[in-house]
Structure formats: structure tokens, C-alpha cells
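Bear in mind these aren't lab numbers, they're just calculated from the coordinates by the rules spelled out. Remember, it's a predicted structure, so these values are computed and weren't measured experimentally. Using ideal geometry, Cβ is built from the backbone for each residue, glycine included, and neighbour counts are taken over all protein chains shown.
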């Protein structure tokens, strides 16, 4: 992905030097366009002009994600600090928690007294669901912002919330799909990991699944198809068959497909990242 930086200095050489230092690149790794040449002016006094250069370079998406997320987090923190008094909010939250606990107890007494079927657990579940909904929208907005900041065009993020699983699918220009996914899905996994950490998925007990232009859906279908073909070979030859190296998620898909055949069994062998599924005839 190409990015550019514009620098101004007394000479074009100084401007280029400043730009290279900021982006940590060598002159061989960039393209330089001189937007304005320096001018000493009349007698070196009147009409002096600084040089302006534009330095363009290819940025590795994996390297850019961390810095991008840091910017997003820092901006969010700054905006929160500007708009709210943290100590005051903390005190209010504590007060609200106390009031809320009292409200729950009162609700429980009302429910018991009125012999209604709803319980305290259902009230807590509803509250948890509201939290999951807010996390869903936070993750959705983050994914959209990351892709836009990475200069991808026509970004649209759709998704849904199923139980405690946040499912997001980003639609971008098809020609950019491979760039966002990365080799073996590593870039997509990195984006997913970053957003998962920001929304504190583990502590909030939610799962996050991000897809780009249905890449994961097509990959899952391919894994199932490979497992199915292996099953048919084993049924025909009655000899074990090894599938290709897979991650834990892909192996689970393969095991599930193999389990549909009564005469077959499966197990995993090898050590990550070279771990694979073996299809056996019972």
C-alpha cells in the first residue's frame, strides 16, 4: 500500500532527509517528487522560498496496523478526557451500581410477590445483551475506521450478533481483498486480534469473527471439500490419508466433516504450525 509524506525545508536535500528520517526509509526505498524548488531570492533577502518535496513509499500493512490502532486508542482516550471528568464518572458509576443492585433486589421481590415467571437471571441476561450490542457496534466502527485509515475505498461493514458471537464482514474493492487478507490470512488475523483486544472480548465474554469479502466462508467451504474428498479416498482404499497442514480452526472443520462418515475416524498429528488431520478407516 503506497503512502506519501510532504516536507518543507530550506533546501530539497534537507526536506528529503527529514522525510526519510520520519518514515525510517532509505532513499532507494522511496520516490521523490519536488513540488517546489528552493529559492534564495533577490540578493538572498527578498523572495526567499523553501523547498517542498513529496516522498512516496510502500508501507507493509502488518507494520502499519499497530501504529494505526495506537493512534485510534490515543485519540479515543484524549476525546474521553476532554469530554468527561474520569474521577466524577467513576464515582457516578459506583453510585449507579449500588442503585442498580437495590433495583434488582426490589425487582426480585416484586417478581416473587406477583408470582411472575420472569426471574432475576432474565434481567441480568437482558443487561448482558445490551453490553454485547454496544460491543458489536464498537467493533463494527473500529473495523470500518481501520480499513478507511488504510486507504481502502468503498468500505462497507455489515454483520450480526448471534448469542455472544460478533460476526462482521467487510466489503471492499475486490482488487484489494488479497492485500487485507495477507499471506495465509495473517493480516486479517492481525486486524481481528487488535479489535478483539480493544473491545476486551475475553473479559467481556464475547467472540469476534471478522471476514473480508466472504474470504473465510470460501476458505471454510474449501476445507470441507478437501476433507470430503479425503473421506471418499479412504472409503475406497481403506488406507489412512493425511490432509495438508492446518490451523486449529481448520482442523476442527475437517474433523466435523469426517465425523459424518460412520466408517471413518480422524485424529491430528504433528506440531504447530505443521499439524495436520489424518483420516482413518475404522
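Brief remarks follow.
- Ascending count of other beta-carbon atoms within 10 Å, so fewest first, for 31, 18, 38: 31, 18, 38
- Residue exposure sequence - 255, 151 - by fewest surrounding Cβ within 10 Å: 151, 255
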